[in-house]
Each structure stands twice: as C-alpha cells, then as structure tokens.
1. Using θ = phi - 60° and the Karplus curve 6.51 cos²θ - 1.76 cosθ + 1.60, what whole-Hz ³J(HN,Hα) does each residue of the stretch 19-27 get, with Gly and Pro shown as x?
2. What angle, in degrees between 0 and 90 and rounded to the nearest 10, separates the Cα long axis of helix 171-197 from the longest principal axis of the Cα atoms of the chain?
3. Would you compute the Debye intensity of the stretch 1-125 from its alpha-carbon atoms alone, equal scatterers and no solvent, and pass along log10 I(q)/I(0) at q = 0.16, 0.21 Å⁻¹ to two decimals?
4. Beyond 21 Å, what share of the Cα-Cα pairs of the stretch 83-190 is found? Please give it as a whole percent.
5. Using modelled amide H (1.01 Å from N, peptide plane; none on Pro or chain starts), what sits under 5 Å from the amide H of W80, excluding residues fewer than 5 places away?
6. Determine, for each peptide in 162-169, 130-137, the mean count of other beta carbons within 10 angstrom over its residues, then list the peptides with the highest first.
7. Straight-line reach from K29: which aspartates and glutamates have Cα under 15 Å away, leaving out those fewer than 8 places along the same chain?
8. With each pseudo-label sitting 7 Å past Cα toward Cβ, what's the R104-E136 distance in nm, one decimal?
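No value in this document is a laboratory result; all are computed from the given coordinates. Just so it is clear, the model here is predicted, and its values are computed rather than measured. Quick reminder, even Gly has a Cβ in these numbers, built from the backbone with ideal geometry, and neighbours come from all protein chains shown.
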Amino acid sequence: MRIETTETSIKLVERRESDGYWVVRWDFKPKLDSEGNETGVYWYEEEVYNWIPSVEDIQRTIVEWHNKQTDGVIQHGFEWKGIKVLLTDENKFNYKAITDEAARRENAITIWDREHPDLAGTDFTTEHGTDGDGHEVTIPIPTGRPSSLLPVTLKLGENNLPENFYVFTTLAELQEFFSAGVDHLMGAYRAGWTKIATFDWQPYVGALEKL
C-alpha cells in the first residue's frame, strides 16, 4: 500500500500500537511537484502483518511488489510512433501471431512469384464470356497467388479512439514494431531483476533483531 507522510523518521519494521499489527516499509522517496521540486511529503510502501514477520516474509512481500512494478512497466511503458501501447498478455500473443502470419504469407508470395514469373504480382486474370441474357461480361479468374495480410491495422492503445490505431503497410515495419516490443519487455525484466538482486536486506535483518 502506498503511504504519504510528512514524517522524516519512519521505521522499517514496527508493531503498530493502534491494533497490535506489524508493519514493514520500503521504497521511500520524496514526492515532487510538477517542476521536480521536493514538496516536504514522502511516499513509501507498507505491508501489514498480523504476526511478527520473518526475513523470508519480508523478502517474499518486497520481491512480489517489485515483480508487479515490472509487470506495470511492461504493460504501460512501451510507446510506438507516439502511441502508448497496451502490452497485455493477450495483446503480446496477438501481435506475435499477426507478425508471424504476415511474414509467412509474404514468404509464400515471394516463392509463388518466383515459380510463376509470367503471373508474378497478379492476383487475378480475366476471361470474357456472356451472362444469361447474352451480354458480354468480364470474369475475374484467381491465379492462386497467396494473399497478403498487409496492410494491417492494429489497435495499440487501451481504448477504441482513432489515435490508438496504427496501420502497418510493410512487413519490415510490422517486424520492427514487434522487435521494439520485445526489446522493451526484456529491458523491463532486466531492470526489475537488477533491483531485486541489489536490494539491501540487511537493514531489515537488523530491524528484526532489535524487536
């Protein structure tokens, strides 16, 4: 739970006198105004236990919190062409499936065009015939050339506003988008893992020893 306070002496671990519960605190930081100046208010995270927490309890709580922060960065921290991309698990799956299918189709088109040089780039030929009334008509005949998935429109933002949609016209651009998303994902994971790996647990060990 995020707590605001103007107190400058906050204990990492203590028994709360009001109800006898135990609280553990971390992620202390000053609250800044719109210009980046400190306001005299401080933020920190707090977890409440109805038992005396062990070091393992504290580690589990803080690691889980860091993991949730990383998940939030992954889901809301990616931007493409000025659009804030909502990277839910469903969207990640859909973007990969669409990128893979677009690549498969473009490869199939390339192979087909190479094998049918006289029809390369042609989706339909035409034949002339007559309809039931004897009128001359032009009949489109599919060549069998694979169809492209492009251009493809994807909803990147959270809602259905027009500015949250983007039209990918080339496979290269679609693959660039997907690769950028993967880079964002891995960068967020690395940053999260580093924070957990470098977190100093010793002050909590010392605080528990003093209880």
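1. Each residue of the stretch 19-27 in turn: 9, x, 7, 9, 10, 10, 10, 7, 6 Hz.
2. It is inclined by approximately 10 degrees.
3. -0.99, -1.17
4. On the way: 3113 of 5778 pairs.
The calculated P(r) of the stretch 83-190 puts 54 percent of pairs beyond 21 Å.
5. When sequence neighbours closer than 5 places are left aside, the close amide H contacts are V85.
6. Packing order, densest peptide first, comes out as 162-169, 130-137.
7. E4, E7, E38, E45, E46
8. 4.4
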